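Written out below as structure tokens is the structure these notes cover.
Here, each number is a calculation from the coordinates, and none is a lab measurement. Everything quoted here is computed from the prediction, not taken from an experiment. Don't worry about glycine lacking a Cβ; one is built from the backbone with ideal geometry, like all the others, and counts go over all protein chains shown.
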Amino acid sequence: MTPIQEVIINKKTNINPIWIMRQAGRYLPEFREIRKLNPDFIKLCLNKDLSTEITLQPIKRFNLDAAIIFSDILMLPYGLNQKVEFKKNVGPILGELDIKKMSQLDEIDFVEKIFPVYKAIEKVSKNNLTKNINTIGFVGAPWTLLVYMINLQSPKKDLKKDFFEDNFLINRILLILEKFLKIHIKNQIENGANIIQIFDSWAGLLGEKDLPNYIYTPTLNLVNYTRSLGVPVICFPREIKNYKEFCEIVKPDAVSIDYNIDPKKICNDIKIPIQGGLDPKILLGDKETIKKEATKYLDIFKNHPYIFNLGHGVLPETKPEMVEYLVNIVKNY
């Protein structure tokens with residue numbers, strides 16, 4: 001059993017495995033070399049050899065406990081034939097929704113469109129470098145994907161004014177998303193992913209009254225489905241106001257916390273394994289600050305099953321040597 005599985009399944013508290021969100025990405029010079037030659041982000045995600053290579057880049061450099069596949073949560077709307085492109089300094093831009101076409105899409109066409117993602121997972125999981133660590137697959141949560149698909153871009157601070165206007169449309173999309181997210185999860189697992197993380201990047205946009213419809217019920221369905229396939233699930237409901245309630249209702253195997261939340265409160269409130277929390281900006285500082293802040297999290301969770309991670313993805317301007325320093329602090333704790 002890998003260290004992460006020991007924490008999630010056996011609730012071990014004497015080990016602190018570490019992996020980092022966006023560990024395969026822009027802060028690594030070797031990634032930037034590949035990216036320079038491959039400006040189309042979607043095509044890069046669909047190049048099984050390059051996405052395998054990128055996934056393994058941080059594993060070659062650092063003593064990490066998991067490889068997370070280089071892909072994107074928006075491969076799902078892309079697989080549903082919604083246009084998705086990534087613009088420099090803007091982020092993702094999505095094309096208009098054709099709900100009729102989307103409703104008629106069958107599983108075979110969807111899988112065929114994003115099939116290289118599954119092949120990359122297979123290649124990563126069979127690589128010698130990942131023999132004793134986890135291969136993490138992931139999906140966007142239904143709410144976060146709904147936000148992108150209707151908003152047509154990152155909401156940053158707010159949703160467009162008429163976002164909730166067409167209730168019928170929203171419910172149709174949520175049903176389609178549930179169906180194809182399950183297909184996406186199943187294919188990742190069948191090709192070697194042995195943990196699934198569900199990213200709900202925009203969970204913090206919703207008020208309390210909307211959480212059951214848009215977050216709790218749809219995410220719970222995915223958690224139950226993934227668990228039925230024998231694979232543990234980590235949920236990351238970023239900036240949600242009530243992590244305790246989320247865990248009690250959705251019941252993930254572990255929950256990832258963001259950096260705006262008090263880790264002591266989380267440790268007291270939540271019984272399941274915890275992941276993450278460290279502000280990615282800490283890695284832009286000096287070694288003394290990194291050591292102090294990382295040790296703070298390790299101390300707080302020393303009697304609680306804990307996977308070390310950041311409270312969001314590693315920032316592009318981070319120096320790789322600072323990531324190495326962080327990994328060593330965690331490993332030598």
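Length gained on full extension, residue 30 to residue 224, computed as 0.36 nm times the residue gap minus the Cα-Cα distance: 66.0 nm.
For residue 264, the aspartates and glutamates whose Cα comes closer than 19 Å to its Cα, not counting residues fewer than 8 places off in the same chain, are 239, 245, 248, 279, 293, 299. If the segment from residue 183 to residue 129 were pulled out straight at 0.36 nm per residue, it would be longer than the present Cα-Cα gap by 16.7 nm. Ordering 13, 219, 2 from the fewest to the most neighbouring beta carbons within 10 Å gives 13, 2, 219. If R0 is taken as 35 Å, the Cβ-Cβ distance between residue 63 and residue 162 corresponds to a FRET efficiency of 0.10. DSSP beta bridges fully contained in the chain are about 20 percent antiparallel.
The mean sequence distance of close C-alpha pairs (under 8 Å, at least 6 residues apart), as a share of the length of the stretch 106-211, puts its relative contact order at 46 percent. Using a cutoff of 8 angstrom between alpha carbon atoms and counting only pairs six or more residues apart, the relative contact order for the chain works out to 22 percent. The charge dipole of the chain, taken about the Cα centre with unit charges on the Cβ atoms of Lys, Arg (+1) and Asp, Glu (-1), comes to about 540 debye, rounded to the nearest 20.
Springs between Cα atoms under 10 Å define the GNM used for the chain, and in it the highest mean-square fluctuation of 218, 252, 155 occurs at 155. For the stretch 1-66, the square roots a ≥ b ≥ c of the C-alpha gyration tensor eigenvalues yield an a/c of 1.5 or more together with a/b exceeding b/c, which makes the shape prolate. Computed from the C-beta positions of residue 302 and residue 213 and an R0 of 45 Å, the FRET efficiency is 0.75 to the nearest 0.05. For the stretch 203-216, putting each phi into the Karplus relation 6.51 cos²θ - 1.76 cosθ + 1.60 with θ = phi - 60° gives couplings of 4, x, 6, 9, x, 4, 5, 8, 4, x, 5, 9, 10, 4 Hz, in residue order, rounded to whole numbers and with x for Gly and Pro.
When the Cα positions of 71, 19, 255 are compared along the charge dipole of the chain, 19 comes out farthest toward the positive end, with charges on each C-beta of Lys, Arg, Asp and Glu.
Counting other Cβ atoms within 10 Å as a rough exposure proxy, the listed residues 258, 286 run 286, 258 from fewest neighbours to most. With N counted as the residues of the chain, its alpha-carbon radius of gyration over 2.2 N^0.38 Å works out to 0.94. Compute the helix-to-body angle for 48-61: its Cα long axis versus the longest principal axis of the chain, expressed 0 to 90° and rounded to tens. Compared with the principal axis, the helix lies near 20 degrees.
Overall, the anisotropy analysis places the stretch 169-282 in the oblate class: the square-rooted eigenvalues a ≥ b ≥ c of its C-alpha gyration tensor yield a/c not less than 1.5, with a/b not exceeding b/c.
Rounded, prolate or oblate for the stretch 139-194? Axes are the square roots of the Cα gyration tensor eigenvalues, ordered a ≥ b ≥ c, and the cut-off for rounded is a/c under 1.5. Oblate, because a/c is 1.5 or more while a/b does not exceed b/c. Pairs from the table (88/186; 83/251; 12/287; 88/161; 100/182; 161/271) lying more than 30 angstrom apart at Cα are 88/186; 83/251; 161/271.
Springs join every pair of Cα atoms under 10 Å in this Gaussian network model of the chain, and among 15, 196, 68 the largest mean-square fluctuation is at 15. For the chain, modelled as a GNM whose springs connect Cα atoms under 10 angstrom apart, the maximal fluctuation among 215, 274, 99 occurs at 99.
Distance between the C-alpha centres of the stretch 189-244 and the stretch 1-63: 21 Å, rounded to the whole angstrom. From least to most packed, judged by other beta carbons within 10 angstrom and beginning with the fewest, 1, 75 follow the order 1, 75. Could you work out [θ]222 nm for the chain from helices alone, using -39500 (n - 2.57) per DSSP H run of at least four and dividing by all its residues? Round to the nearest 500 deg cm²/dmol. Only helices count here, giving -14000 deg cm²/dmol.
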